[in-house]
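Step one of this worksheet: look at the structure below.
Derivation of every value follows stated rules applied to the coordinates shown; laboratory data play no part. Nothing here was measured: the structure is a model prediction, and the numbers come from that model. All Cβ positions, glycine included, derive from the backbone under ideal geometry; neighbour counts span all protein chains shown.
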Amino acid sequence: MSEAPPVDLSPLDPARDPDRWASIVEQTRTRIDAVFLERERQTDVLTIVAGWARPVLAAAAAVLLLLAATFAARSGTPAPHASGARSLAALSAGYADGHVPTGAELAAALGGRRTRR
């Protein structure tokens, strides 16, 4: 089995043409600065915090489910609100996938009642 000849990467060497390389770096920095400046104009604190809602909600549901499972394992009986925790975890997972739960779905998950879809 013969090996393929090595690929010549010397044209990509920045030391070959330092002026060209400096120009590429400067153009890249200029474009990046423009993107960051535009994001800065469009983003306020509330938008940033709202972007954290899905990951934080999913993490909280996972912790709640873990606590309920730990409680059930230690006591030998199901956790008192384990079904509610499972419902909240399912709603959180759905929210992370783009489904926004309704108020009725949240109330049912917190109260243990089923909802109609």
Counting Lys and Arg as +1 and Asp and Glu as -1, what is the net charge of the other residues whose Cβ lies under 11 Å from the Cβ of Tyr95?
-> -1
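Between Asp44 and Val63, what length in nm is gained on full extension when 0.36 nm per residue of separation is reduced by their alpha carbon distance? Please report the intermediate quantities before stating the final value.
Values: separation 19, 0.36 × 19 = 6.84 nm, distance 2.93 nm.
Stretched fully, the Asp44-Val63 segment lengthens by 3.9 nm.
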Gain in span if fully extended, Ala4 to Ala93, counting 0.36 nm per residue against the direct Cα distance | 27.2 nm
HN-Hα J in Hz across segment 16-22 - Karplus 6.51, -1.76, 1.60, θ = phi - 60°, x for Gly and Pro = 5, 9, x, 5, 4, 4, 4
